[in-house]
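Notes to accompany the following structure.
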Amino acid sequence: MSLNLEQYVSEFSAQNINGEHLLHLDGSKLKALGITSSQDRAIIKKKLKEMKASLEKARKAQEKMEKQREKLRKKEQEQLQRKWKKTDKSSSDATEGTNEQ
C-alpha cells in the first residue's frame with residue numbers, strides 16, 4: 001500500500017503472501033500473482049531489493065554484536081581464571097608457610 005499498489009493486496013492476501021514469502025518473489029512469480037504491469041513489478045522488485053539489503057545489513061550488525069559479546073565473555077572468563085590461579089597460588093603459599101613453621 002505504501003507503494004500505491006493496493007490493487008494487489010487482495011491477491012497477495014488470497015495467496016497467503018507474507019513477509020517471508022514476499023522476499024522470495026521474482027518477476028515471474030509476481031506476474032503469476034497477477035501483476036501484469038511491468039512498471040508495477042519493477043517497483044516491487046526494487047523495494048524487495050532494498051528490503052533484502054536492509055535485512056542483510058541488520059543480520060551483519062547482529063553477527064558483529066554477537067562476536068563482540070563473545071569476545072567480552074572470553075576476556076571476562078580469562079580474567080576470572082587468572083584471579084582464581086592467583087588466589088590458589090596465594091592459598092598454597094600460605095599453607096606451605098604454615099607447614100614450614
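When only residues in the stretch 1-26 that are among the acidic types (Asp, Glu) and within 17 Å of LYS49 (Cβ to Cβ) count, which is least open to solvent (accessible area, probe 1.4 Å)? Quick ask: steps written out before the conclusion?
Just the residues of the stretch 1-26 that are among the acidic types (Asp, Glu), to begin with: 6, 11, 20, 26.
Narrowing further to those that are within 17 Å of LYS49 (Cβ to Cβ): 20, 26.
Working: GLU20: 116, ASP26: 69 Å².
That would be ASP26.
Just to be sure before I move on: is GLY97 closer than 30 Å to PHE12 by Cβ, modelled with pLDDT under 95 and of a type in the set (Gly, Ala, Ser) in the structure I sent? So GLY97 fails the test.
Could you check, for the stretch 23-36, whether at least one of its residues is more than 23 Å from the chain's Cα centre (by Cα), part of a loop (DSSP other than H, G, I, E, B) and without any contact (Cβ under 8 Å) to a residue 24 or more places away in the chain? Looking through the stretch 23-36, at least one residue is more than 23 Å from the chain's Cα centre (by Cα), part of a loop (DSSP other than H, G, I, E, B) and without any contact (Cβ under 8 Å) to a residue 24 or more places away in the chain.
Going through (1) surrounded by fewer than 10 Cβ atoms within 10 Å (Cβ to Cβ); (2) modelled with pLDDT under 95; (3) under 30 Å from MET1 (Cα atoms) one by one, GLN39 falls short only on (2). If the condition is being within 13 Å of the chain's Cα centre (by Cα) and of a type in the set (Lys, Arg), then the stretch 37-65 contributes LYS52, LYS57, ARG59, LYS60, LYS64.
The values are calculated or read from the model by the stated rules, or taken from the named source; none is laboratory data. The structure displayed is predicted, hence computed values, not measured ones. Positions of Cβ are backbone-derived with ideal geometry, glycine not excepted, and every protein chain shown enters the neighbour counts. Note: accessible area is taken over every heavy atom of the protein model, side chains too, but ligands, DNA and RNA are not part of it. Shrake-Rupley method; radii C 1.70, N 1.55, O 1.52, S 1.80 Å.
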